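Worksheet: one structure, shown below.
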Amino acid sequence: MEYKGISPNPKISVLTLCYNNGIEVIETIKSVKSQTYSNIEHLILDDCSTNNSYNLIKKWIIDNNYNARLYKNSINFGISKSFNILLNKSSGKLIAINCDDYWDPIHLQTNISSLLENSFDAIFSNISVTDSNLNHIYYIQDHLLKSHYLEADNLLFTNEENCKLLDKDESCEHPFIMAICTL
């Protein structure tokens with residue numbers, strides 16, 4: 001099945017940002033590396049960390065013979081501009097963003113399948129916030145309810161849902177989306 005000119009096994013560009021959180025980002029990189037979905041281009045950008053994050057990540061990539069492209073900003077640009085820098089360097093038909101997220105091994109496969117089986121433009125997954133031992137603390141929807149986020153109802157998950165699908169009209173209304181989206 002082809003959706004919007006996207007083949008059944010599209011290349012996905014995973015965009016990972018780092019700022020002074022190299023150890024956490026290494027865990028993110030490990031989880032991207034362990035994905036069951038294999039057509040991945042992984043781009044990592046250090047946003048001018050003031051600690052040793054860039055070197056930690058670079059060493060891990062080399063030591064583990066991981067095929068990722070690592071970049072470093074010469075000044076701190078912040079999240080939005082840094083994601084745009086990576087987006088301009090990406091070549092995938094789909095984009096996934098993360099910073100210090102840990103993904104289950106089937107995360108990309110499940111989300112890409114859901115996206116391609118439906119006529120939507122973006123997908124975002126339920127997020128479990130954990131401690132450093134990956135023990136669950138709360139789900140993102142708990143935070144949305146506590147913060148009285150205006151559009152929380154559109155973002156809340158039922159017990160049966162592990163992702164939400166959005167069309168372009170909906171996705172443009174949300175100020176944040178942890179997303180896999182089409183270009």
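The values are calculated or read from the model by the stated rules, or taken from the named source; none is laboratory data. For clarity, every value in this text was computed on a predicted model and none was experimentally measured. Reconstructed Cβ throughout: ideal geometry from the backbone, glycine too, with neighbour counts over all protein chains shown. Remember, those area values only see protein heavy atoms, side chains included, never the ligands or the DNA or RNA. Shrake-Rupley method; radii C 1.70, N 1.55, O 1.52, S 1.80 Å.
General remarks:
- Looking across segment 86-121, just one residue is assigned to a loop (DSSP other than H, G, I, E, B) and basic (Lys, Arg), and that is LYS93.
- Considering residues of segment 11-65 that are closer than 23 Å to GLN109 by Cβ and of a type in the set (D, E, K, R) only, the residue least open to solvent (accessible area, probe 1.4 Å): GLU41
- Beta carbons closer than 9 Å, at least 6 apart along the sequence or on distinct chains, pair a first residue in segment 51-66 that is of a type in the set (Gly, Ala, Ser) with a second that is in a helix (DSSP H, G or I) for SER53/GLY22; SER53/ILE23; SER53/VAL25.
- Selection count where residues are buried (at least 17 other Cβ atoms within 10 Å of the Cβ) and not β-branched (Val, Ile, Thr), scope segment 94-118: 12
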